[in-house]
Structure formats: C-alpha cells, structure tokens
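Novice: Attaching a single structure in structure tokens format; questions to follow.
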Amino acid sequence: MDDLAAIPRSLDSIRSKLAQLRERDARHSIFGAETHGYVLAPCLGEEQIRAVEADCRVRFPESYRRFRLQVGNGSAGPGYGLLALEASLRDRARGRLARPFPKLFVAPHPGSNRKRLGQQRGG
C-alpha cells in the first residue's frame with residue numbers, strides 16, 4: 001500500500017536526482033546514460049492510464065500512477081532506462097497483469113516436518 005503523503009516527496013526526489021545526474025554526467029559515461037540522457041519521456045494523461053488499466057483489468061498502485069502522470073513515461077532509469085507504459089505491455093497477453101502471481105514459494109505450515117527458514121541442517 002502506498003504512503004500517499006510521501007509520494008510527492010518521492011517524485012520530487014526522483015526529479016532532483018535526475019537533474020543532478022544530467023549535470024554530473026554530462027558526457028553520459030554511466031552505463032545506459034547514452035541511451036536516455038537522464039531525460040524522461042513526456043507524462044501520460046489520466047485517460048491514457050485509465051485506458052491501460054481497463055485493458056489490463058488492474059488498478060496500478062497510486063505511486064506508479066503518479067510517477068507516470070507527474071514525472072514521466074519512461075526513458076531515464078537504471079541501465080538502458082524504463083520502458084514507456086505501452087511499450088512494457090507490448091507483446092504481452094492483456095489479461096496477464098490481472099492474474100495472481102504463481103506460487104513460487106510456499107512457507108511450511110507451523111508444526112509440519114519441513115525444515116523452517118533459519119533452522120540449521122543436520123541437527
């Protein structure tokens with residue numbers, strides 16, 4: 001769950017850090033900077049985000065929505081940068097985001113004979 005009061009500070013921090021990186025790495029020597037130049041793509045509109053949410057049958061977390069609405073729609077980011085929202089969904093089954101994640105790890109039930117996390121082997 002998002003801390004709604006903290007979102008504006010977080011977004012301001014992202015903007016500030018990108019401005020600092022543009023200034024400090026003007027030659028784009030950090031990996032990926034040559035691709036995105038520490039510049040974000042234009043923000044999305046509320047209607048665009050709602051359309052993607054409806055298409056994918058999800059509601060994005062408020063912090064993610066506000067990032068796309070108020071900071072930018074991809075480009076600058078770690079490595080080669082962030083994909084634009086539509087590009088990140090290209091070639092993906094549209095209902096995929098609405099499906100629950102597969103169970104990759106099931107914690108053992110207390111009292112079962114399975115070893116618990118942190119329990120040493122052999123003893």
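Novice: So in segment 1-26, with the set limited to residues that are among the aliphatic types (A, V, I, L, M) and within 17 Å of the chain's Cα centre (by Cα), which one is nearest to residue 75 (Cα to Cα)?
Specialist: Result: 18.
Novice: Follow-up. Output the residue which, of all residues in segment 34-93 that are touching a helix residue (DSSP H, G or I) at 6+ places or on another chain (Cβ under 6 Å) and among the small types (Gly, Ala, Ser), is surrounded by the fewest Cβ atoms within 10 Å (Cβ to Cβ).
Specialist: If we take residues in segment 34-93 being touching a helix residue (DSSP H, G or I) at 6+ places or on another chain (Cβ under 6 Å) and among the small types (Gly, Ala, Ser), then 63 is surrounded by the fewest Cβ atoms within 10 Å (Cβ to Cβ).
Novice: Keeping to segment 11-56, report how many residues are out of contact with any Leu (no Cβ under 7 Å at 6 or more places or on another chain) and β-branched (Val, Ile, Thr).
Specialist: 4
Novice: Also: Using beta carbons and a limit of 6 Å, which pairs, at least six apart or on different chains, have the first residue in segment 73-100 and on the phi > 0 side of the Ramachandran plot and at pLDDT below 75 and the second one surrounded by 12 or more Cβ atoms within 10 Å (Cβ to Cβ) and of a type in the set (Gly, Ala, Ser)?
Specialist: So the pair list comes out as 79/32.
Novice: Right, something else. Failed condition for residue 58, given (1) within 20 Å of residue 83 (Cβ to Cβ); (2) outside any helix (DSSP H, G or I); (3) free of Cβ contacts under 8 Å to residues at least 40 places away in the same chain, with all others met?
Specialist: In the conditions (1) within 20 Å of residue 83 (Cβ to Cβ); (2) outside any helix (DSSP H, G or I); (3) free of Cβ contacts under 8 Å to residues at least 40 places away in the same chain, residue 58 misses (3) alone.
Novice: Given the conditions (1) of a type in the set (Gly, Ala, Ser); (2) surrounded by 15 or more Cβ atoms within 10 Å (Cβ to Cβ); (3) over 17 Å from the mean Cα position of the chain (by Cα), and given that residue 29 satisfies all but one, which numbered condition is not satisfied?
Specialist: The one condition residue 29 does not meet is (2).
Novice: Residue by residue through segment 30-55, note down the ones that are among the polar types (S, T, N, Q) and at pLDDT below 90.
Specialist: Within segment 30-55, just 35 meets the criteria.
The values are calculated or read from the model by the stated rules, or taken from the named source; none is laboratory data. Small disclaimer: the values here were computed from a predicted structure and weren't measured. Don't worry about glycine lacking a Cβ; one is built from the backbone with ideal geometry, like all the others, and counts go over all protein chains shown.
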